[in-house]
Amino acid sequence: MAGLTLIEGGHVVTMDAAGAELARGHVAIRGGRIVAVGPGPAPSDMRDAAARRYDATGTLVTPGLINTHHHLYQWLTRGWAQDSILFDWLVALYPTWSRITADTVGAGAAGAMATLARSGCTTVGDHHYIFPAGSGDILGSIVHEAGELGLRLHATRGSMDLGASQGGLPPDFAVETTADALQASEDAVRAFHDPSFDAMVRVAIAPCSPFSVTTDLLRESAPLARELGVRLHTHGSETVEEAAFCAERFGMGPTEYLESVGWLGDDVWMAHCVHLSDADIAKFAATGTGVAHCPSSNARLAAGIAPLRPMLDAGVPVGLGVDGAASNEDGTLGSEIRQAALMSRLRDGATAMPVRDALRVATMGGAKVLGREDEIGSLEAGKLADLVLWDLTAVEHAGIADPVAALGLGSLPTVKLMLVQGEEVVTDGRLARADEQVIAGRVGDAAARLAEA
Ligand SMILES: [Zn+2]
């Protein structure tokens, strides 16, 4: 039993297929993987042999939360364009975003990921799509920062190649050529993508959105990703303005358009999907196309309320996303569980989103969206040991009737312990491997430099 880690005494929510929950259960970990999950204390031979033991009394134990959509660099532009819809907000921010460098992005990514980690996120999906000329190795910088904190990363190599002079939304100075974007996407996959079971870094290819990339870039990205064995990601059906853009330019809705360029499939996930028709939802379900649901960002930009319950009922894979912090200054993933539950109820009624369903979206849903449902997303023997112990002993949660409601309806509990692949990433609410004051200082400096430039 060398190297055995035991967690005992917490309310363990496994998120397995049966929805098993174990009051005062145990989780045993060895070699970065879960080897046993069960009721009560661990068997005595395990207890005698354990090298590390954690007392989880008074905590809720869940799988690590999985973020399926973010723009980490936007940590540097929180608080801008506070009262705008998406298109006005983007136009206000593009010029500043066009001055980022690998150095400033690294600082922003550290701040964004520190906040994600402290809110129970073990796997970070990022969508980076602005690569100014001469800005250095931006993706390398993001990969480095995730490694420093100990988080699992799904980086995407995004792109924009449809500038304003061609009818796109971004200014010409913010875009790349189609050929450069395709080549850089392939280079990023070859540099950073790890297909192995316990990969800490994977890469997907992610042209930004229908109104910022050419049809050629979308059409050519799909076979490129499939040839390289990686997933595809983009924004879709976020706003009524995007739908109007697609109607005018392509004569069809966003889902039909993305379908026409080969972008529906079980290797594709799209952020937002607020304005899906019933027919669109049926297409997503039939093809296994995934969705990153970002309720706080959708509210901040007044984009609308995504049809979470109808998507789940149809069998669409759905995960949660914080989205970039410029449209969600909160930046915590744990609180998106509550946001998803509340907004789904506003749209479809009081029974539309029980907290356990919302937690499942945040865990197994995200794992499915990222193509990792065999590796992460639930607490089951054989899976990677990515998990969170939420402290429910403080005054906010003491005495609550249901520990899962504490997380899904109450204020976000402190993360008492978060393990990624069995290693400590957050301990007693603080980063275990990095100095948060140092990160805060770097964020402040980089944001100031960006604002001044
Ligand atoms: Zn986004």
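The values are calculated or read from the model by the stated rules, or taken from the named source; none is laboratory data. These numbers were taken from a predicted model, which means no experiment stands behind them. Backbone-built Cβ (ideal geometry, glycine too); neighbour counts: all protein chains shown.
For the reader, a short list of remarks on this structure follows.
- A Cβ distance below 7 Å, combined with a sequence gap of six or more or placement on separate chains, defines the contacts here; from region 293-311, residues that are touching a residue at least 40 places away in the same chain (Cβ under 8 Å) reach residues that are within 16 Å of the ligand (Cβ to nearest atom) and among the charged types (D, E, K, R) in the pairs CYS294/ASP323; PRO295/GLU336; SER296/ASP330; SER296/GLU336; ALA303/GLU238.
- Residue check, GLU248 within 16 Å of the ligand (Cβ to nearest atom) and either out of contact with any Asp or Glu (no Cβ under 9 Å at 6 or more places or on another chain) or not assigned by TED's automatic domain parsing to the domain that holds HIS71 (or both): no
- Selection count, region 124-134, where residues are within 15 Å of the ligand (Cβ to nearest atom) and in a loop (DSSP other than H, G, I, E, B): 4
- Tallying residues that are outside any loop (DSSP other than H, G, I, E, B) and either hydrophobic (A, V, I, L, M, F, W, C) or within 16 Å of GLY288 (Cα to Cα) (or both) within region 243-259 yields 10.
Results for (1) closer than 30 Å to LEU387 by Cβ; (2) more than 16 Å from the ligand (Cβ to nearest atom); (3) modelled with pLDDT of 95 or more, shown as yes or no for each residue.
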position	(1), (2), (3)
TRP75	yes, no, yes
ARG78	yes, no, yes
GLN82	no, yes, yes
VAL91	no, no, no
GLY106	yes, yes, yes
LEU116	yes, no, yes
SER119	yes, yes, yes
THR122	yes, yes, yes
GLY136	no, yes, yes
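- Scanning region 338-362 for residues that are β-branched (Val, Ile, Thr) and either within 16 Å of the ligand (Cβ to nearest atom) or crowded, with 24+ Cβ neighbours inside 10 Å (or both) yields a count of 1.
- Within region 52-100, the residues that satisfy the criterion of being surrounded by fewer than 21 Cβ atoms within 10 Å (Cβ to Cβ) and either under 22 Å from ARG202 (Cα atoms) or charged (D, E, K, R) (or both) are ARG52, ARG53, ASP55, ARG78, ASP83, ASP88, ARG99.
- Flag if ASP280 is buried (at least 24 other Cβ atoms within 10 Å of the Cβ), away from the ligand (no atom under 15 Å from the Cβ) and acidic (Asp, Glu): yes
- Check on ASP45, modelled with pLDDT under 95 and either under 27 Å from ILE7 (Cα atoms) or hydroxyl-bearing (Ser, Thr, Tyr) (or both): yes
- Verdict on SER327 being of a type in the set (Ser, Thr, Tyr), in the same structural domain as HIS128 (by TED's automatic domain parsing), within 20 Å of THR234 (Cα to Cα) and surrounded by 19 or more Cβ atoms within 10 Å (Cβ to Cβ): yes
- Region 55-71 - residue that is closer than 21 Å to ALA394 by Cα and of a type in the set (A, V, I, L, M) and, of those, farthest from the ligand (Cβ to nearest atom): ALA56
- Scan region 154-174 for residues that are more than 16 Å from the ligand (Cβ to nearest atom) and surrounded by fewer than 24 Cβ atoms within 10 Å (Cβ to Cβ) and the total you get is 10.
- Within region 285-337, considering residues that are more than 16 Å from the ligand (Cβ to nearest atom) and small (Gly, Ala, Ser), the one nearest to the chain's Cα centre (by Cα): GLY334
- All positions within region 192-242 that are buried (at least 24 other Cβ atoms within 10 Å of the Cβ), part of a helix (DSSP H, G or I) and within 16 Å of the ligand (Cβ to nearest atom): GLU242
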